[in-house]
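Below is one structure; the comments refer to it alone.
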């Protein structure tokens with residue numbers, strides 16, 4: 001599917017999509033908590049659908065109602081010998097330790113870019129937890145056979161905090177006591193906060209967080225198990241970042257449904273927008289961003305690497321060279337994002353230089369309308385679309401359906417904002 005974005009100003013209001021980071025974690029928590037969970041404002045992205053399918057495969061019953069989901073569970077009791085994670089990196093990293101709670105062998109597989117992502121972490125760590133692991137030369141499909149038995153371990157947290165999220169859920173479900181997950185060089189701490197907040201909300205055993213260097217489970221970690229939980233999925237800062245950048249470079253956009261107290265890492269988009277001098281109004285119910293003469297910015301995206309694509313679109317419209325730190329976090333996304341951004345924005349006349357862990361973007365020159373390719377990466381498609389709003393001609397984006405992974409309504413929402 002190809003989508004063509006024409007140069008235009010934007011003006012309007014959009015309800016933020018549901019956070020897939022929160023939605024997927026809520027699915028895991030609903031499975032492990034047991035009893036009944038009501039999920040309101042459920043996400044509809046491909047990654048959300050993958051998480052729902054996984055918990056069904058692991059034994060939960062999911063009923064889809066008009067405006068909410070009802071999840072009924074009795075813990076991990078697999079209904080299938082296989083769980084399929086689609087293209088969701090979070091799902092495979094989070095649900096693999098959870099699947100390992102089962103007593104029978106479970107095969108874990110996926111599609112697309114997930115087939116290329118390294119899974120050596122599980123081969124290194126899970127055997128220490130009494131889990132037999134087989135991989136396809138370090139890639140999927142994986143096979144795990146537990147049951148997982150918590151013990152004190154040390155893990156490398158620089159690869160992704162999502163591995164830690166999976167272990168925290170699995171340890172909680174296994175009623176871990178007097179054991180510690182020690183973490184070296186933890187990345188994306190805000191996402192760990194999101195995990196811990198959801199564990200607390202669902203009444204799961206909560207570890208003692210020792211400055212993000214150790215997570216200790218003891219008898220005091222246990223919480224009262226609430227049979228029925230109602231959980232509202234908050235708005236997604238990751239998807240909303242593209243809308244906010246659209247307002248900063250091409251007009252005025254108001255985004256509703258974002259929680260300014262959220263632990264989502266991508267809330268940090270507001271910091272970058274403030275650096276540029278974009279006009280901003282932040283209220284409890286909505287955030288309004290309008291364009292101005294934008295100044296270059298220096299931003300550390302190590303803890304929020306998903307912001308790189310919208311930040312590149314923003315930097316392309318700033319008057320000078322912007323610097324984004326954290327390039328090392330981009331290699332194993334849906335594409336090799338650093339080089340993909342460099343290639344596709346290069347087609348649009350934007351010079352991007354990669355220098356060790358830095359990305360340097362020369363902004364302030366005319367953005368060219370061009371034919372670009374998403375590389376099957378949802379965030380690349382959205383970033384090129386936003387930049388296309390201020391290009392000197394049409395921007396044609398191939399494999400535009402990639403947005404379905406996280407934001408199925410993106411093209412509809414962007415079109416509703418465009419004013420000819």
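The values are calculated or read from the model by the stated rules, or taken from the named source; none is laboratory data. What you are looking at is a predicted structure, and each value in this text was computed from that prediction instead of being measured. Using ideal geometry, Cβ is built from the backbone for each residue, glycine included, and neighbour counts are taken over all protein chains shown.
For this structure, a couple of remarks:
- Residue 120 vs. criteria at pLDDT below 95, more than 16 Å from residue 167 (Cα to Cα), surrounded by fewer than 21 Cβ atoms within 10 Å (Cβ to Cβ) and assigned by TED's automatic domain parsing to the domain that holds residue 198: no
- Residue 282 vs. criteria closer than 30 Å to residue 317 by Cβ and crowded, with 24+ Cβ neighbours inside 10 Å: no
- Condition check for residue 294: in contact with a strand residue (DSSP E or B) (Cβ under 9 Å, 6 or more places away or on another chain), closer than 25 Å to residue 416 by Cα and buried (at least 19 other Cβ atoms within 10 Å of the Cβ): no
- Against the criterion of being in contact (Cβ under 8 Å) with a residue 12 or more places away in the chain, surrounded by fewer than 24 Cβ atoms within 10 Å (Cβ to Cβ), under 19 Å from residue 240 (Cβ atoms) and in contact with a helix residue (DSSP H, G or I) (Cβ under 8 Å, 6 or more places away or on another chain), residue 312 does not qualify.
- Residue within segment 99-113 that is in a helix (DSSP H, G or I), within 20 Å of residue 305 (Cβ to Cβ) and in the same structural domain as residue 25 (by TED's automatic domain parsing) present: yes
- Among the candidates 122, 95, the residue that is touching a strand residue (DSSP E or B) at 6+ places or on another chain (Cβ under 8 Å) and under 28 Å from residue 374 (Cα atoms) is uniquely 95.
- If you go through segment 164-191 and keep only what is within 22 Å of residue 301 (Cα to Cα), in contact with a strand residue (DSSP E or B) (Cβ under 8 Å, 6 or more places away or on another chain) and at pLDDT 95 or above, you end up with 164, 183, 184.
- Segment 1-72 holds strands (runs of 3 or more DSSP E) entirely within its bounds, and those carrying 2 or more residues that are over 30 Å from residue 391 (Cα atoms), in contact (Cβ under 8 Å) with a residue 12 or more places away in the chain and touching a strand residue (DSSP E or B) at 6+ places or on another chain (Cβ under 7 Å) map to 35-40.
- When segment 261-282 is filtered for residues that are part of a loop (DSSP other than H, G, I, E, B) and under 19 Å from residue 246 (Cα atoms), the ones remaining, listed by number, are 277, 278.
- Residue in segment 354-361 that is buried (at least 19 other Cβ atoms within 10 Å of the Cβ) and either more than 21 Å from residue 21 (Cα to Cα) or modelled with pLDDT of 90 or more (or both) present: yes
- The residues listed here are 166, 89, 157, 112; of these, the one that is in contact (Cβ under 8 Å) with a residue 60 or more places away in the chain, closer than 24 Å to residue 191 by Cβ and crowded, with 20+ Cβ neighbours inside 10 Å is 166.
Residues checked against (1) closer than 27 Å to residue 378 by Cβ; (2) surrounded by fewer than 17 Cβ atoms within 10 Å (Cβ to Cβ):
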position: 41; (1), (2): yes, no
position: 44; (1), (2): yes, yes
position: 47; (1), (2): yes, no
position: 50; (1), (2): yes, no
position: 53; (1), (2): yes, no
position: 58; (1), (2): yes, no
position: 64; (1), (2): yes, yes
position: 72; (1), (2): no, yes
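- For segment 250-271, the set of residues classified as closer than 14 Å to residue 292 by Cα and either crowded, with 24+ Cβ neighbours inside 10 Å or under 23 Å from the mean Cα position of the chain (by Cα) (or both) consists of 250, 253, listed by residue number.
- Residues located in segment 129-152, provided they are surrounded by fewer than 17 Cβ atoms within 10 Å (Cβ to Cβ) and touching a strand residue (DSSP E or B) at 6+ places or on another chain (Cβ under 7 Å): 132, 134, 141, 151, 152
- Single residue of 186, 243, 196 found to be under 17 Å from the mean Cα position of the chain (by Cα) and over 22 Å from residue 24 (Cα atoms): 243
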